[in-house]
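The values are calculated or read from the model by the stated rules, or taken from the named source; none is laboratory data. Nothing here was measured: the structure is a model prediction, and the numbers come from that model. Methodologically, a virtual Cβ is constructed for each residue, glycine included, from the backbone with ideal geometry; neighbour enumeration extends over all protein chains shown. Heavy atoms of the whole protein, side chains included, go into the accessibility calculation; ligands, DNA and RNA do not. Shrake-Rupley method; radii C 1.70, N 1.55, O 1.52, S 1.80 Å.
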Amino acid sequence: MEDIDRLLLKLKGYYFDHLSVDIGFIENLDDFEIREDDVFIVTYPKSGTIWLQQLLIPFFEYNFQKIYLGKRPSPGLLSTHLSYYLVPRGLKNKRAKIIYVYRNPKDVMCSYFHFEKNVKLQFTRTFEEYMILFLEGRVLRSLWFDHIKGWYEHRSLFNIQFMMYEEMKKDLRGSVLKICKFLGKELSEEDMDTVVRQATFENMKYDPLANYDKIITTAYGTNVKGHFLRKVTIGDWKSHMTVEQNESFDKIFQREMKDFLLKFIWDVNED
Ligand SMILES: Nc1ncnc2c1ncn2[C@@H]1O[C@H](COP(=O)(O)OS(=O)(=O)O)[C@@H](OP(=O)(O)O)[C@H]1O
């Protein structure tokens, strides 16, 4: 598993991408200026980052225009995969709002596996090997368990709203309403329809500005296979994991997530 370590760079106890990390920026992250009208999307990879961006960007355009264009030229919407302890001090002072999106980790793992396989030429892992790395946190952005537990257990430090990918999938409109409430904004029925419509899979899949395929090709080259919006489903893990793999995953999950309060949805038929 040595080549994994060549692709990853551990800084401050967290795995970054060796090729693209800006070490100076990470070293000085604590001082990064946070403005009160910033909104951060925080996720472990493959949990719905781009989806949330797609929801919030039109949302800002339609409703936050005055605030954003008048007050600050830089984007007020920022996304990060960082662990709670690495983010700027200003966020820990509850200066800005954070939306944390989480997804059941079996589907995260499968989505991540395909992503790595499709974009990285050097990636030769089998699913079995990747699962071991994922469960040990020897992947880009480190251990899923640490990420979600860190953010959730330190939630009182932040102005944070937790959103579940699967709930968004089952009730996108209800999820947008929840986000509106958190951001203290009201959408007209018409704006709500537009926001929801723009963030549906059907719209994003064929919109080159939303489906991320071009961005991925620019970042990783034209050898990239597959599509960024891949399965967009709940329970895809069932078509990847053997019964034994599932049992060993469950064992680790139960040990790591004992007493954890947030619930997860593992199956498309589950409420
Ligand atoms: N509109 C919509 N509806 C449902 N699901 C969606 C949507 N947009 C993105 N996705 C799915 O989110 C997965 C990618 O997650 P991220 O955006 O967090 O990836 S990344 O970490 O920023 O690379 C990836 O999941 P998989 O399809 O399971 O691979 C995307 O398909």
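Of the residues making up the stretch 127-138, not a single one is hydroxyl-bearing (Ser, Thr, Tyr) and touching a residue at least 40 places away in the same chain (Cβ under 8 Å). Restricting attention to the stretch 223-265 and to residues that are among the aromatic types (Phe, Trp, Tyr) and either surrounded by fewer than 13 Cβ atoms within 10 Å (Cβ to Cβ) or under 17 Å from the mean Cα position of the chain (by Cα) (or both), the residue that is modelled with the highest pLDDT turns out to be 264. Of the residues making up the stretch 135-143, one or more are of a type in the set (A, V, I, L, M), closer than 17 Å to residue 15 by Cα and more than 16 Å from the ligand (Cβ to nearest atom). Consider the stretch 197-209 and keep the residues that are open to solvent by 20 Å² or more (accessible area, probe 1.4 Å) and within 19 Å of the chain's Cα centre (by Cα). The one that is nearest to the ligand (Cβ to nearest atom) is 201. Scanning the stretch 147-193 for residues that are part of a strand (DSSP E or B) and open to solvent by 20 Å² or more (accessible area, probe 1.4 Å) returns 159, 160, 161, 162. Among the residues making up the stretch 15-34, those that are more than 20 Å from residue 94 (Cα to Cα) and assigned to a helix (DSSP H, G or I) are 23, 24, 25, 26, 27.
Scanning the stretch 1-52 for residues that are in contact with a Ser or Thr (Cβ under 6 Å, 6 or more places away or on another chain) and either more than 23 Å from residue 146 (Cα to Cα) or β-branched (Val, Ile, Thr) (or both) turns up 41, 42, 43, 49. Checked against the criterion of being at pLDDT below 95, of a type in the set (D, E, K, R) and more than 16 Å from the ligand (Cβ to nearest atom), the stretch 119-126 has at least one qualifying residue.
Screening the candidates 138, 125 for the property of being open to solvent by 10 Å² or more (accessible area, probe 1.4 Å) and either within 30 Å of residue 32 (Cβ to Cβ) or assigned to a strand (DSSP E or B) (or both) yields one hit, 138. Checking each residue in the stretch 35-52 for being among the aromatic types (Phe, Trp, Tyr) and not in a loop (DSSP other than H, G, I, E, B) picks out 40, 51. Of 165, 84, all but one fail to be modelled with pLDDT of 95 or more and within 16 Å of the ligand (Cβ to nearest atom); the exception is 165. Taking first residues from the stretch 38-49 that are more than 6 Å from the ligand (Cβ to nearest atom) and partners that are among the aliphatic types (A, V, I, L, M) and in a loop (DSSP other than H, G, I, E, B), the Cβ contacts under 8 Å between residues at least 6 apart in sequence or on separate chains come to 38/96; 39/96; 40/87; 40/96; 42/82; 42/87.
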